[in-house]
Amino acid sequence: MKLIVGLGNPGKEYEKTRHNFGSLVIDRLVKKYEAHLKDFKKQALAAKITLGGEETIIAKSLGFMNESGGPVAQLMHFHKMQPNDLIVIYDDIDLLYRTIRVSKNASSGGHKGVESVITSIGADFHRIRLGIGPQTKPAEEYVLEKINKEEKEKLSAIANKAIELIEEGITKGFEAVLGTYSV
């Protein structure tokens with residue numbers, strides 16, 4: 001069993017911000033697999049799907065980005081998973097927009113949500129980083145801005161590529177998809 005978590009902030013005001021790219025990919029997975037997210041212990045919204053022949057939990061935290069570690073750890077504990085079973089999808093200001101990087105056992109790169117996950121479960125998990133750079137304002141402002149028209153036009157292609165990499169990673173093993181991709 002695998003756990004795929006899209007990092008983001010809860011609430012309508014954050015829904016279409018750059019910082020919620022991870023959550024947006026989960027929304028696309030929900031739609032593609034006709035899943036229904038349900039409350040998990042007031043910590044996350046989660047659904048069970050079959051992806052690449054493997055039972056997979058997809059989830060979004062109900063807590064704020066910087067506190068993502070607690071809900072992720074609870075989901076993993078409940079489903080008796082190891083860090084290697086986890087795939088975290090999140091925005092990365094250090095990567096150019098339309099760039100996706102798949103990695104494992106890396107640092108947080110200064111991303112507070114990933115830092116929280118590492119603090120809770122360790123660093124030995126898979127990451128799908130979605131580029132939102134280059135930033136044009138201080139990071140705290142830039143990541144919380146709404147996705148602009150140009151970004152919105154490319155969002156489907158980025159989300160679809162991320163989903164393709166997830167599916168291939170689960171089917172063939174994530175070592176097969178480690179690397180950097182342009183969309």
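Return the pair list, or none, for Cβ contacts closer than 7 Å from residues in segment 112-126 that are touching a residue at least 24 places away in the same chain (Cβ under 8 Å) and under 11 Å from VAL72 (Cα atoms) to residues that are of a type in the set (Val, Ile, Thr) and not in a helix (DSSP H, G or I), at least 6 apart or on different chains.
Cβ pairs passing all conditions: VAL114/VAL88; VAL117/VAL88.
Taking the conditions exactly as written (at pLDDT below 95 and in contact with a Ser or Thr (Cβ under 7 Å, 6 or more places away or on another chain)), does SER61 satisfy them or not?
Here the answer is yes, as SER61 does meet what is asked.
Hey, among ILE132, ILE89, which residue is more than 22 Å from GLY173 (Cα to Cα), β-branched (Val, Ile, Thr) and in contact with a Leu (Cβ under 8 Å, 6 or more places away or on another chain)? Please lay out each step first, then the result.
Values: ILE89 fails: more than 22 Å from GLY173 (Cα to Cα).
Sole residue among the options that is more than 22 Å from GLY173 (Cα to Cα), β-branched (Val, Ile, Thr) and in contact with a Leu (Cβ under 8 Å, 6 or more places away or on another chain): ILE132.
Is there any pair linking a residue in segment 1-19 that is surrounded by 15 or more Cβ atoms within 10 Å (Cβ to Cβ) to one that is of a type in the set (Asp, Glu) and outside any helix (DSSP H, G or I), with Cβ under 7 Å and at least six apart or on different chains, and which?
LYS2/GLU54; THR17/GLU145; ARG18/ASP91; ARG18/GLU145; HIS19/ASP91
Going by the conditions given, is THR180 hydroxyl-bearing (Ser, Thr, Tyr) and either farther than 25 Å from GLN43 by Cα or touching a residue at least 60 places away in the same chain (Cβ under 8 Å) (or both)? I'd like the intermediate steps shown before the answer.
Values: hydroxyl-bearing (Ser, Thr, Tyr): yes; either farther than 25 Å from GLN43 by Cα or touching a residue at least 60 places away in the same chain (Cβ under 8 Å) (or both): yes.
Against the criterion (hydroxyl-bearing (Ser, Thr, Tyr) and either farther than 25 Å from GLN43 by Cα or touching a residue at least 60 places away in the same chain (Cβ under 8 Å) (or both)), THR180 qualifies.
Please return the ranges of strands (runs of 3 or more DSSP E) entirely within segment 1-87 where 3 or more residues are under 25 Å from SER108 (Cβ atoms).
Values: elements: 2-6, 38-40, 44-51, 54-61.
It comes to 2-6, 44-51, 54-61.
Across segment 28-41, which residue is farthest from ALA157 (Cα to Cα) among those that are in contact with a helix residue (DSSP H, G or I) (Cβ under 9 Å, 6 or more places away or on another chain) and touching a residue at least 12 places away in the same chain (Cβ under 8 Å)?
Restricting attention to segment 28-41, the residues satisfying the condition of being in contact with a helix residue (DSSP H, G or I) (Cβ under 9 Å, 6 or more places away or on another chain) are 28-29, 32, 35-37, 40-41.
Those left that are additionally touching a residue at least 12 places away in the same chain (Cβ under 8 Å): 28-29, 32, 35, 37, 40-41.
Numbers: ARG28: 11, LEU29: 13, LYS32: 14, ALA35: 21, LEU37: 23, PHE40: 30, LYS41: 33 Å.
Out of the qualifying residues, it is LYS41.
Being in contact (Cβ under 8 Å) with a residue 24 or more places away in the chain, surrounded by fewer than 17 Cβ atoms within 10 Å (Cβ to Cβ) and in a loop (DSSP other than H, G, I, E, B) is the filter here; which residues of segment 127-149 pass it?
Going through segment 127-149, the residues in contact (Cβ under 8 Å) with a residue 24 or more places away in the chain turn out to be 127-135, 139, 142-147.
When the remaining residues are screened for being surrounded by fewer than 17 Cβ atoms within 10 Å (Cβ to Cβ), the result is 133-135, 139, 144-146.
If the condition is that a residue be in contact (Cβ under 8 Å) with a residue 24 or more places away in the chain, surrounded by fewer than 17 Cβ atoms within 10 Å (Cβ to Cβ) and in a loop (DSSP other than H, G, I, E, B), then PRO134, GLN135, LEU144, GLU145 are the ones that fit.
Out of ILE93, ILE58, which single residue is in contact (Cβ under 8 Å) with a residue 24 or more places away in the chain, more than 17 Å from LEU165 (Cα to Cα), among the hydrophobic types (A, V, I, L, M, F, W, C) and out of contact with any Asp or Glu (no Cβ under 9 Å at 6 or more places or on another chain)? Write out each step before concluding.
On the way: ILE58 fails: more than 17 Å from LEU165 (Cα to Cα).
Sole residue among the options that is in contact (Cβ under 8 Å) with a residue 24 or more places away in the chain, more than 17 Å from LEU165 (Cα to Cα), among the hydrophobic types (A, V, I, L, M, F, W, C) and out of contact with any Asp or Glu (no Cβ under 9 Å at 6 or more places or on another chain): ILE93.
Given (1) of a type in the set (Lys, Arg); (2) within 14 Å of the chain's Cα centre (by Cα); (3) within 19 Å of GLY179 (Cβ to Cβ), identify the lone condition not met by LYS112.
Every listed condition holds for LYS112 apart from (3).
Filter segment 102-121 for residues that are surrounded by 14 or more Cβ atoms within 10 Å (Cβ to Cβ) and not in a helix (DSSP H, G or I) and give the result.
Of everything in segment 102-121, those that are surrounded by 14 or more Cβ atoms within 10 Å (Cβ to Cβ) and not in a helix (DSSP H, G or I) turn out to be VAL102, SER103, LYS104, ALA106, SER108, GLY109, HIS111.
The values are calculated or read from the model by the stated rules, or taken from the named source; none is laboratory data. Being a predicted model, the structure only gives us computed values, none of them experimental. Don't worry about glycine lacking a Cβ; one is built from the backbone with ideal geometry, like all the others, and counts go over all protein chains shown.
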